[in-house]
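S.K.: The structure that follows is given in the form of structure tokens.
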Amino acid sequence: MSVRPTVDFLLYDWLSVDSLNQRERFADHSRETFDAVLDTCERIAREKYAPFNRLVDTQEPHFDGEKVILPQATHDAQKAYADSGMLSAAQDYEIGGMQLPYSVEAAANAFFAMASVSIGSGMLTTGNANLLMAHGTDMQKRVFALNEFNGRFSGTMCLSEPQAGSSLSDVATRAVPDGADSEADPLGPRYRLKGNKMWISAGEHELTENIVHLVLAKIPGPDGKPVPGVKGISLFIVPKKLVDTDGQLTGERNDVALAGLNHKCGWRGTTNTLLNFGEGKYPVRGDAGAIGYLVGRPGEGLKCMFHMMNEARIGVGMAATMLGMAGYHASLDYAKNRPQGRPMGPAGKDPAQPQVRIIEHADVKRMLLAQKSYAEGALALELYCARLVDEQHTGAPEAADDARLLLEVLTPIAKSWPSEWCLEANSLAIQVHGGYGYTRDFPVEQYWRDNRLNMIHEGTHGIQGMDLLGRKVLMENGKGLQLLADRINATIQRAIQVPELAAHANALGKALQDVGAATKAAWATGNPTDALANAVPYLQAFGHTVLAWIWLDVALAAQAQPDSHARTGRLAAMRFFFHYELPKIGAWLQVVRDRDLTCASLPEDAF
Ligand SMILES: Cc1cc2nc3c(=O)[nH]c(=O)nc-3n(C[C@H](O)[C@H](O)[C@H](O)COP(=O)(O)OP(=O)(O)OC[C@H]3O[C@@H](n4cnc5c(N)ncnc54)[C@H](O)[C@@H]3O)c2cc1C
């Protein structure tokens, strides 16, 4: 079973991505060129990633005292990925890119996430390089970003510290100007950094010639103390090995040391590291302190970093989605082959009959359809967001601005919804397998472990909820929320004309009203403590409403197609979502509306 027909349907029949070639930037493209990219990525994922997914889980990265060792399969897979040109797929032709729409790039990368999420497909490297293309100097772009796009260097994002995870304003890494000529360095104003960065993915390995760390650090103010809050944070390029202005290694090791590898629940094919910057393990030019080059202006580090974080959040949502999809396919295959039990007829069970396959039991069908509705719905959402990114970059000014604002509102959902519900899909995939699902003989337990990360990194669920209710639905006088409501209403207007979809259209209309009313009620006292006490139930209800809209819109496209098993399946997944999932928002919204403080007001000692 392949996910490709679903990808093709969503890209072409639903989102009409092939029509993007009417835009100047994509004029050389066509459905044929898009298909060629999808074919290549599907093949590399099948040949170089999928067969090694279990291997990278069992052969965790280890440190031999000098180097971090990863399985050869990881080296081969990442080389094949870089050789395919995917690292620079969206870039301009003149720097070696393909000028591919982001929607096609995201769809192509989905195959790798499904085949082996933890071998990885360079999400951090492209995100890092894209940030430099947006905020770096010409020299920084040429020396660092271009060498990331061509696969020579890889990239990291170094935000978190042992004591500063969700609260980035508390980062303690310091950066001070490096000598009298520090401003004159052609690679950018040169600083010395000291501090510890925790949880850094791909922070140490031998997969590439060099590693480009993008590091958040504070420059002390005139009083010698770090400026409090996020305004004091700046962004630096800290290469593992120093380079000259041609991007060649100078032979000097920068003062960045691996303090240890984290041993994770899942996602074990990617190293995760505690890095010490500037502790003097590798003194540079006689002194301790890691050399870093300022990106953008001092104090604007977090703003620049958000460029990387927004892309990373869509990437995380896609990874969660494809893990959900992998579990769905595995459990569907298992359910079609596993004989167990007999149907209950009016006269009870007939032990003389052979056992049926478990896919014939209604409860197993429920678990399969739930997984389908979560994973395929999430894929549609991620591709919709990716299409908005294309609109933001290449649309007419007003449409581009609408896309920007819609993305602001939808990004917390694109990150968090698949992280929660495709994880639930993985749990159901284990359940479909029964006891076998709980063993390492089948792949589904690994999918669950790999997916468990996604509600934690790139902003936890709690942080996403507060971002949505505390910031995104309010920003620009609620215009983003209004734009989203307009799009949802447009779908409702179309669906209400279709007898098969009219009841769902009405249910969605009611859900939208309820979300709007709960948003107002949450903020009725104007007190953030009241409003945000139930930010996660709000996130869940908002997410389910968005997914119901996505499913209804997908159903409109499916409806227009000739009868087929795929069409029947899509319409059933949409119905499942409206019958079994959307009604859940009532309970979530009630505590939001009531500004229920049951949890928030409970004294610590009463726990
Ligand atoms: C495998 C892995 C890979 C990672 N990769 C990277 C990486 O490459 N680069 C990087 O910089 N970081 C990375 N991270 C770090 C990740 O982003 C953080 O773990 C995450 O932001 C949470 O920070 P924390 O672990 O310190 O938890 P904490 O911030 O301590 O949070 C613990 C709990 O408290 C809640 N909480 C915290 N503050 C609040 C608040 N104000 N209101 C309500 N609830 C709150 C959280 O929601 C969470 O449930 C990675 C983490 C892991 C596990």
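S.K.: Please label the shape of region 154-299 as rounded, prolate or oblate, based on the square roots a ≥ b ≥ c of the eigenvalues of the alpha-carbon gyration tensor (a/c under 1.5 means rounded; beyond that, a/b larger than b/c means prolate, else oblate). Walk me through the numbers before you get to the answer.
M.R.: Details: a/c = 1.83, a/b = 1.12, b/c = 1.63.
In terms of gyration-tensor shape, oblate.
S.K.: Starting from the Cα of residue 510, draw a straight line to each of the aspartates and glutamates and keep only those under 17 Å, dropping any in the same chain fewer than 8 residues away.
M.R.: 486, 553, 581
S.K.: Taking a threshold of 22 Å on the Cα-Cα distance, which of the pairs 48/197; 240/281; 231/520; 336/365; 141/472; 365/584 fall above it?
M.R.: Listed pairs above 22 Å: 48/197; 231/520; 141/472.
S.K.: Let me ask something else about it. Could you report region 154-299's accessible area per residue, 1.4 Å probe, as an integer in Å²?
M.R.: Here the per-residue accessible area is 39 Å².
S.K.: May I pose another question? Report the FRET efficiency, 1/(1 + (r/R0)^6), for residue 580 and residue 482, where r is their Cβ-Cβ distance and R0 is 41 Å, rounded to 0.05.
M.R.: That pair, residue 580 with residue 482, gives E of 0.90.
S.K.: Only helical DSSP H runs with n ≥ 4 go in: add -39500 (n - 2.57) per run for the chain, normalise by residue count and round the 222 nm mean residue ellipticity to 500 deg cm²/dmol.
M.R.: That comes out to -15500 deg cm²/dmol.
S.K.: What's the center-to-center distance, using Cα atoms, between region 392-430 and region 10-48 in Å?
M.R.: Computed from Cα coordinates, the inter-centre distance equals 20 Å.
S.K.: So, one more: Once the other residues with Cβ under 12 Å from the Cβ of residue 11 are scored (Lys, Arg +1; Asp, Glu -1), what is the net sum?
M.R.: For residues surrounding residue 11, the net value is -4.
S.K.: Okay, next question. For residue 249, what charge total do you get from the other residues with a beta carbon under 9 Å from its beta carbon, if Lys and Arg give +1 and Asp and Glu give -1?
M.R.: Result for the local shell: -2.
S.K.: Now a separate question. Where does helix 123-135 land angle-wise versus the long Cα axis of the chain, in degrees 0 to 90, nearest 10?
M.R.: 60
S.K.: For every other residue with a beta carbon closer than 12 angstrom to the beta carbon of residue 37, add +1 if it is Lys or Arg and -1 if Asp or Glu, then tell me the sum. Before the final figure, lay out each step's value.
M.R.: Working: positive: 31, 43; negative: 32, 35, 39, 42, 105.
For residues surrounding residue 37, the net value is -3.
S.K.: Something else about it: May I ask you to compute the full-extension gain from residue 565 to residue 66, defined as 0.36 nm times their residue separation minus their alpha-carbon distance, rounded to one decimal in nm?
M.R.: 174.1 nm
S.K.: Another one. Please work out the C-alpha center-to-center distance from region 66-113 to region 279-326 and express it in whole Å.
M.R.: 18
S.K.: Quickly work out the residue 500-to-residue 605 label distance, labels modelled 7 Å from Cα along the C-beta direction, and quote it in nm with one decimal.
M.R.: So the label points at residue 605 and residue 500 sit 6.3 nm apart.
S.K.: Counting only protein heavy atoms, what percent of the accessible surface of region 7-69 is carbon or sulfur at a 1.4 Å probe?
M.R.: Exposed carbon and sulfur together represent 45 percent of the surface.
S.K.: With a 1.4 Å probe and all protein chains left in place, how much of the accessible area of region 404-507 comes from carbon and sulfur atoms, in whole percent?
M.R.: Roughly 56 percent, rounded to a whole number.
S.K.: Ignoring ligands, DNA and RNA, what percent of the 1.4 Å accessible area of region 154-299 is carbon and sulfur?
M.R.: 52
S.K.: Roughly how many Å is it from the Cα centre of region 548-594 to that of region 233-268, as a whole number?
M.R.: The distance from the Cα centre of region 548-594 to that of region 233-268 comes to 45 Å.
S.K.: Another question, then. According to the square roots a ≥ b ≥ c of the eigenvalues of the Cα gyration tensor, what is the shape class of region 473-600, taking rounded for a/c under 1.5, prolate for a/b larger than b/c otherwise, and oblate for the remainder?
M.R.: Here region 473-600 falls in the prolate category.
S.K.: Is the chain rounded, prolate or oblate when judged by the Cα gyration tensor, a ≥ b ≥ c being the square roots of its eigenvalues, rounded requiring a/c under 1.5 and prolate requiring a/b larger than b/c?
M.R.: On the way: a/c = 1.63, a/b = 1.44, b/c = 1.13.
Prolate is the answer for the chain, as a/c is 1.5 or above and a/b outweighs b/c.
S.K.: Probe 1.4 Å, all protein chains in place: accessible area of residue 41 in Å², nearest 10?
M.R.: Using a 1.4 Å probe on the heavy atoms, I get roughly 0 Å².
S.K.: Dipole magnitude of region 1-121 about its Cα centre, charges +1 at Lys/Arg Cβ and -1 at Asp/Glu Cβ only, in debye to the nearest 20?
M.R.: Charge dipole of region 1-121: 220 debye, to the nearest 20.
S.K.: Work out the charge dipole of region 1-121 with +1 on the Cβ of Lys and Arg and -1 on the Cβ of Asp and Glu about the Cα centre, then indicate which of 33, 116, 87 is farthest towards its positive end.
M.R.: 116
S.K.: Could you compute the FRET efficiency for residue 245 and residue 4, with r as their C-beta to C-beta distance and R0 at 30 Å, rounded to 0.05?
M.R.: Details: r = 44 Å, r/R0 = 1.48.
E between residue 245 and residue 4, to the nearest 0.05, is 0.10.
S.K.: I've got another one for you. For residue 306 and residue 347, what is the calculated FRET efficiency with R₀ set at 51 Å and r taken between the beta-carbons, to the nearest 0.05?
M.R.: That pair, residue 306 with residue 347, gives E of 0.20.
S.K.: Same structure, new question: Before I look further, what does region 458-568 give for accessible area per residue, probe 1.4 Å, in whole square angstrom?
M.R.: Working: 4610 Å² over 111 residues.
In whole numbers, region 458-568 has 42 Å² accessible per residue.
S.K.: Hey, another quick one. Can you give me the relative contact order of the chain as a percent, contacts being Cα pairs under 8 Å and 6 or more apart? List each step's numbers first, then the result.
M.R.: Values: 1084 pairs, mean separation 69.1, N = 607.
Value for the chain: 11 percent.
The values are calculated or read from the model by the stated rules, or taken from the named source; none is laboratory data. These numbers come from a predicted model, not from an experiment. Note that each Cβ is placed from the backbone with ideal geometry, even for glycine, and that neighbours are counted across all protein chains shown. Surface accessibility is based on the protein's heavy atoms, side chains included, excluding ligands, DNA and RNA. Shrake-Rupley method; radii C 1.70, N 1.55, O 1.52, S 1.80 Å.
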